[in-house]
Ligand SMILES: [Fe+2]
Ligand SMILES: [Fe+2]
């Protein structure tokens, strides 16, 4: 894996804003990986390519999904913001020849999250929210949590994501709800407050 090769590829294929965001996610993911026990090299590369699917429109992503045999559930197939993740994952496999299953999973699940995510998926999911270019009201709270406790930061991030989906009246993917509940349950188990 040569990150420079993929950086140059993304510089040419993504618009400038998305390219800068991708570099930010790569740096944040590598940093989180170093602190929370994932592979920093894989985290960096996942960050570089995680939004590759965003260069295509919704209809284009649906067409590509058909061509590459990506199976999509009903909600994902109706939301461009969700589609770019699983289809992007298939595209980086096909076009960029990235075959590491952990990286492909991290890219595929970076928008909704899912219960049972591995460490690489977790750090990439979180890095997407806290990279240095992000600026939204609760970002500092999530960044602070990320310095202390990966699961607590993930819980802050997914709750922010769910709130923002509801505020914009978009469809909420049940995987995000399941991911959030898993984190709540893990937190209760840690504190011994099983029934809250
Ligand atoms: Fe994304
Ligand atoms: Fe992103």
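Okay, which of region 129-145 sit inside 11 Å, backbone N to the point 7 Å along the Cα-Cβ direction of residue 20? What the label zone holds, given the 11 Å backbone N cut-off, is 133-134.
Going by alpha carbons, how many degrees (0 to 90, nearest 10) lie between the helix axis of 80-94 and the longest principal axis of the chain? With both axes taken from Cα atoms, the answer is about 60 degrees.
Over the C-alpha atoms of the chain, the Rg to Rh ratio, Rh being the Kirkwood estimate, stands at 0.96. Kindly express, to the nearest 10 degrees and within the range 0 to 90, the angle between helix 16-36's C-alpha long axis and the longest C-alpha principal axis of the chain. Helix 16-36 and the main axis of the chain meet at about 50 degrees.
Within the listed set 163, 114, 180, the residue fluctuating most in the Gaussian network model of the chain (springs between alpha-carbon atoms under 10 angstrom) is 163.
The distance between label points at residue 178 and residue 94 comes to 2.5 nm (points 7 Å beyond Cα on the Cα→Cβ vector). Per-residue ellipticity at 222 nm, computed for the chain from helices alone with -39500 (n - 2.57) per DSSP H run of at least four residues, works out to -22000 deg cm²/dmol. Remark: 73, 39 ranked as 73, 39, counting other beta-carbon atoms within 10 Å and listing the fewest first.
The simple Förster model, with R0 at 25 Å and r as the Cβ-Cβ distance, assigns residue 35 and residue 9 a FRET efficiency of 0.35.
Model label points for residue 72 and residue 149, set 7 angstrom from Cα along the Cα-to-Cβ axis, are 3.8 nm apart. For the chain, a Gaussian network of Cα nodes joined below 10 Å ranks 59, 137, 86 by mean-square fluctuation, and the top entry is 137. Axis of helix 119-130 versus longest Cα principal axis of the chain: the two differ by about 90°, to the nearest ten degrees. Note on region 147-196: Cα-only Rg and Dmax are 12.1, 35 Å.
Would you mind ranking 44, 6 by Cβ crowding within 10 Å, fewest neighbours first?
Values: 44 24, 6 20.
The most exposed by this proxy come first: 6, 44.
FYI, it's all coordinate maths here, none of it is from the lab. These numbers come from a predicted model, not from an experiment. Counting neighbours? That spans all protein chains shown, and the Cβs are built from the backbone with ideal geometry, glycine included.
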